[in-house]
Structures are given as C-alpha cells and as structure tokens.
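S.K.: Have a look at this one.
The values are calculated or read from the model by the stated rules, or taken from the named source; none is laboratory data. Since this is a predicted model, take the numbers as computed values, not measurements. All Cβ positions, glycine included, derive from the backbone under ideal geometry; neighbour counts span all protein chains shown. Calculation scope for accessible area: heavy atoms of the full protein, side chains included, ligands and nucleic acids excluded. Shrake-Rupley method; radii C 1.70, N 1.55, O 1.52, S 1.80 Å.
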Amino acid sequence: MITATAFSIRLQRPALWGSDAVSDAKPATVLVTVTNIGSSPELKDAAQQLGVRVEDIDAAFGLLPIDAGAGLYCVQVVADRLPAGFEQRDPYQGPFADPGIAPLGPVRRSRKTEE
C-alpha cells in the first residue's frame, strides 16, 4: 500500500509558470497582404506600407507571393503591432487567420507504400 501526505509530495512548477516561458513565447501573428511593392520586394518595403517596423514582420516566413504578376504578397506580422484601425483599410489587407496545419489523428501509411 502506498500512502502520501502533503509533506511528502513535491510539486514542481510547470514550465508555463516559469519566467523563461514568457521570454521564449512566440508572439501571436496574423497574415496581411501588401501590394505593388516593386519588382524586387523586400521586407522593409512591406513594413513601410503596413506602418510597422521590419522587426515586426516574421523574416523566416518572408514575403509569400499570392499573385506576383499583380504585385500581391503576404507577410506574417506580430498581431499587436499593426496600427490602430488597420482592419478598416480599403481594400482589405487583413488580418487573416493563420491556423496551424497538421494531420488530424495518427498518420497512417498508404497501402501503396506498404507493398
């Protein structure tokens, strides 16, 4: 038989409660569009058009072409860094949702790859 008292149980703080979790947390981001930013688009041009700092744009995500011929690109920006009233712009530039994409349930091999 196993017994425990409040004095014999040590509770560890979950990592979420630690001060490190705050500094390691990635800020919430949203997708927004930029248009006509030149033939060689750069993040600084997108930042200027959006009214944010270059550091507020996710450089790893980069400038994703939606319709490069029409000069339409997408960038990922820290959500709370967008200027007030940004969502009221015409034409609408965002913010758009950026859901994580992952398999639903366990991944199974197809029958073709098992043969």
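S.K.: Confirm whether Ala21 is open to solvent by less than 50 Å² (accessible area, probe 1.4 Å), in a helix (DSSP H, G or I) and at pLDDT 75 or above.
M.R.: When the stated conditions are applied, Ala21 does not pass them.
S.K.: Out of Ala84, Ala60, Ala79, report the one residue that is under 15 Å from Val30 (Cα atoms), modelled with pLDDT of 85 or more, open to solvent by 90 Å² or more (accessible area, probe 1.4 Å) and under 19 Å from the mean Cα position of the chain (by Cα). Let's see the steps before the verdict.
M.R.: Details: Ala84 fails: under 19 Å from the mean Cα position of the chain (by Cα); Ala79 fails: open to solvent by 90 Å² or more (accessible area, probe 1.4 Å).
Selected residue: Ala60, the only one of Ala84, Ala60, Ala79 that is under 15 Å from Val30 (Cα atoms), modelled with pLDDT of 85 or more, open to solvent by 90 Å² or more (accessible area, probe 1.4 Å) and under 19 Å from the mean Cα position of the chain (by Cα).
S.K.: Can you tell me which residues in region 92-102 are in contact with a strand residue (DSSP E or B) (Cβ under 8 Å, 6 or more places away or on another chain) and open to solvent by 40 Å² or more (accessible area, probe 1.4 Å)? Give the steps one after another, and end with the answer.
M.R.: The first filter runs over region 92-102 and keeps only residues in contact with a strand residue (DSSP E or B) (Cβ under 8 Å, 6 or more places away or on another chain), leaving 93-98.
Scanning region 92-102 gives Pro95, Phe96, Ala97, Asp98.
S.K.: Report the residue count in region 64-115 for those that are over 22 Å from Gly38 (Cβ atoms) and part of a helix (DSSP H, G or I).
M.R.: Here the count works out to 9.
S.K.: Still on this model: Determine whether Phe96 is among the aromatic types (Phe, Trp, Tyr), within 12 Å of the chain's Cα centre (by Cα) and at pLDDT 90 or above.
M.R.: Working: among the aromatic types (Phe, Trp, Tyr): yes; within 12 Å of the chain's Cα centre (by Cα): yes; at pLDDT 90 or above: no.
So Phe96 does not fit the description; no.
S.K.: Out of all the residues in region 57-110, which are of a type in the set (Lys, Arg) and closer than 18 Å to Ala47 by Cα?
M.R.: Arg81, Arg89
S.K.: Report, ordered by the first and then the second residue, all pairs with beta carbons closer than 7 Å, sequence separation of six or more or different chains, a first member in region 50-72 that is at positive phi, and a second member that is β-branched (Val, Ile, Thr) and open to solvent by 50 Å² or more (accessible area, probe 1.4 Å).
M.R.: Filtered contacts from region 50-72: Gly71/Thr35.
S.K.: I would also like to ask the following. Give me a count of the residues in region 28-49 that are surrounded by 11 or more Cβ atoms within 10 Å (Cβ to Cβ) and modelled with pLDDT under 85.
M.R.: Going through region 28-49 one residue at a time, the tally reaches 3.
S.K.: Taking the stated definitions as given, is Val54 open to solvent by less than 80 Å² (accessible area, probe 1.4 Å), under 17 Å from Ala28 (Cβ atoms) and at pLDDT 80 or above? Break it down into steps so the answer makes sense when it comes.
M.R.: On the way: open to solvent by less than 80 Å² (accessible area, probe 1.4 Å): yes; under 17 Å from Ala28 (Cβ atoms): no; at pLDDT 80 or above: yes.
Judged against the criteria, Val54 is not a match.
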